[in-house]
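Just so it is clear, none of the values below were taken in a lab; they were calculated from the coordinates. Since the model is a prediction, treat every value here as computed from it, not as a measurement. All Cβ positions, glycine included, derive from the backbone under ideal geometry; neighbour counts span all protein chains shown.
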Amino acid sequence: MPPIHETVRRWARVLLLMWCGVASPAEAQVAATAADVPGAAAPAPTEPPLKEVSVAETAFVRGAPLPDWADLLPLPPPTTTAGQRAIAVRLEDTHLLVADKPVQLVNAAQQVLDAAALGQIGQVALHFIPQYQRLLLHKVALLRGGQTIDHTASVPVRFLQRETGLEHGIYSGVITASLLLPDVRVGDTLMLQYSIEGANPIFGGRYVNGLSWQRAVPVQLRRVTLNAPAQRRIRWKWVGDGAPATLEPVETSTNGMRRLRFEERDVAAVDAEPMMPRGTFALRWLQFSEFADWADVARWAPEDHVLHPVLWADQPCRPCAHISCPYDHACAWNVGSASVLDKAQTLLAARA
């Protein structure tokens with residue numbers, strides 16, 4: 001059995017490749033769609049129980065104001081279609097900010113149309129990792145007819161944790177903030193607005209993210225907006241075995257910020273068949289990455305960052321997308337001897 005640190009290192013690289021979009025995200029489907037898609041994944045027979053935990057006071061903020069950089073969509077009027085499901089997603093509006101401390105803001109509304117689904121609306125689960133993320137709850141409310149019942153200040157919040165990979169030497173640190181809403185009725189619409197600040201430091205400040213586009217229920221209006229500094233090259237692509245994606249973003253630039261906006265109305269539900277092969281990815285995903293390709297990922301993730309630090313001289317051609325360098329390896333030749341000696345001395349001092 002390999003040492004624990006070796007196992008963690010391998011899994012970290014697998015997760016990076018998945019989020020960068022350079023490897024198949026099929027492994028993520030098990031966790032991401034188990035509750036959303038019937039038959040997508042069977043629960044582990046000996047899954048450890050959830051336990052209640054505490055988080056730092058700064059890790060969760062209730063009633064946080066909405067940021068100025070996000071222009072949220074208003075709630076569209078409900079529509080009635082044939083073959084409606086127990087839950088209808090009226091709005092799923094996601095805003096991404098690429099920054100030193102990246103932010104993902106969710107503005108969503110879903111309506112319960114059947115008593116069997118009241119529990120799904122009344123229990124809200126938000127996932128984050130307090131070691132490097134902060135959860136901001138902007139608003140949680142029930143819309144009933146013309147009435148807005150605001151539960152932002154009063155909804156009970158419990159922090160729960162379930163670690164399923166400890167037997168493999170893997171600790172995820174994922175915490176579930178569980179919100180329990182009282183008196184949810186058929187016809188109510190749950191309005192939820194929250195942000196997650198921060199990103200895994202293992203990525204070294206490079207931006208990576210992935211968002212599901214389709215669900216097991218219809219989505220009336222789906223929109224994703226990425227806001228990034230113009231000098232940061234954020235790439236995007238569609239991933240999944242569902243209907244082919246021909247949706248292109250609307251791109252604008254303002255005050256040094258580049259904005260990509262993807263929007264689609266009446267997104268059809270996806271019915272995933274039971275017992276699907278592991279490599280099948282039924283739902284369409286939208287992925288973002290600041291890594292250009294496999295070569296860029298390999299340079300980011302040497303076998304051991306401490307023993308094998310990578311030095312390079314910044315060049316206009318970076319990040320590299322070439323298997324064979326057409327520029328005479330300028331990024332390597334232009335690394336000065338002083339930089340190499342300084343790094344060597346730092347390593348020797350750390351091991352002294």
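Once label points are set 7 Å from the Cα along Cα→Cβ at both residue 200 and residue 261, what is their separation, rounded to one decimal in nm?
3.2 nm
If the convex hull of the alpha-carbon atoms of segment 175-252 is projected onto planes in all directions, what is the mean projected area in square nanometres?
8.6 nm²
Hey, how many Å between the Cα centroid of segment 247-277 and the Cα centroid of segment 166-238?
Result: 13 Å between the Cα centres.
Among 103-110, 56-63, how do they line up from the highest to the lowest mean number of other beta-carbon atoms within 10 Å?
103-110, 56-63
Excluding residues fewer than 8 places away in the same chain, name every one of the lysines whose C-alpha is closer than 27 Å to that of residue 139.
51, 101
How large is Rg/Rh for segment 204-245, to two decimals, with Cα atoms and a Kirkwood Rh?
1.02
If you scale each eigenvalue of the Cα gyration tensor by 5 and take the root, what three semi-axes come out for segment 115-267, rounded to whole angstrom and sorted largest first?
Sorted largest first and rounded, they come to 29, 24, 17 Å.
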